[in-house]
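First up is the structure itself, then whatever we jot down about it.
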Amino acid sequence: MPADLNTVGLVGRLTRDPELRYTAAGEAVCALRLAVSTRTRADDAWEDRPNFFDVSVSGRTSAAPAEHLT
């Protein structure tokens, strides 16, 4: 992997089922939306704030999320 790329790992919840689509060239692309909570302290209590990420998976691994995640 090139040295100028970052790797990100997200753990969260799906907001909807993944959508598997195909390009005009026949390549599979899976789209999903992930909600990840950030916990912060507000005064004397903890507060959870959601962050939403739109994720696209393409190539050979794109069918796996559509098959296994709901």
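The values are calculated or read from the model by the stated rules, or taken from the named source; none is laboratory data. Predicted, not measured: the structure shown is a model, and the values here were computed from it. Note that each Cβ is placed from the backbone with ideal geometry, even for glycine, and that neighbours are counted across all protein chains shown. Ligands, DNA and RNA are excluded from the accessible area calculation, which covers all protein heavy atoms including side chains. Shrake-Rupley method; radii C 1.70, N 1.55, O 1.52, S 1.80 Å.
Every residue, every condition in (1) farther than 28 Å from HIS68 by Cα; (2) open to solvent by 100 Å² or more (accessible area, probe 1.4 Å); (3) in contact with a helix residue (DSSP H, G or I) (Cβ under 8 Å, 6 or more places away or on another chain); (4) in contact (Cβ under 8 Å) with a residue 40 or more places away in the chain, yes or no:
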| residue | (1), (2), (3), (4) |
| --- | --- |
| LEU10 | no, no, no, yes |
| PRO18 | no, no, yes, yes |
| VAL29 | no, no, yes, no |
| ARG41 | yes, yes, no, no |
| ASP44 | yes, yes, no, no |
statement: Condition set under 16 Å from VAL11 (Cα atoms) and more than 9 Å from the chain's Cα centre (by Cα), scope the range 46-56, selection least open to solvent (accessible area, probe 1.4 Å): answer is ASN51
field: Tally of residues being touching a strand residue (DSSP E or B) at 6+ places or on another chain (Cβ under 8 Å) and small (Gly, Ala, Ser) across the range 37-58
entry: 3
- prompt: Which fully enclosed strands (runs of 3 or more DSSP E) of the range 1-62 have 1 or more residues being modelled with pLDDT of 95 or more, touching a Lys or Arg at 6+ places or on another chain (Cβ under 6 Å) and of a type in the set (Val, Ile, Thr)?
  reply: 28-42
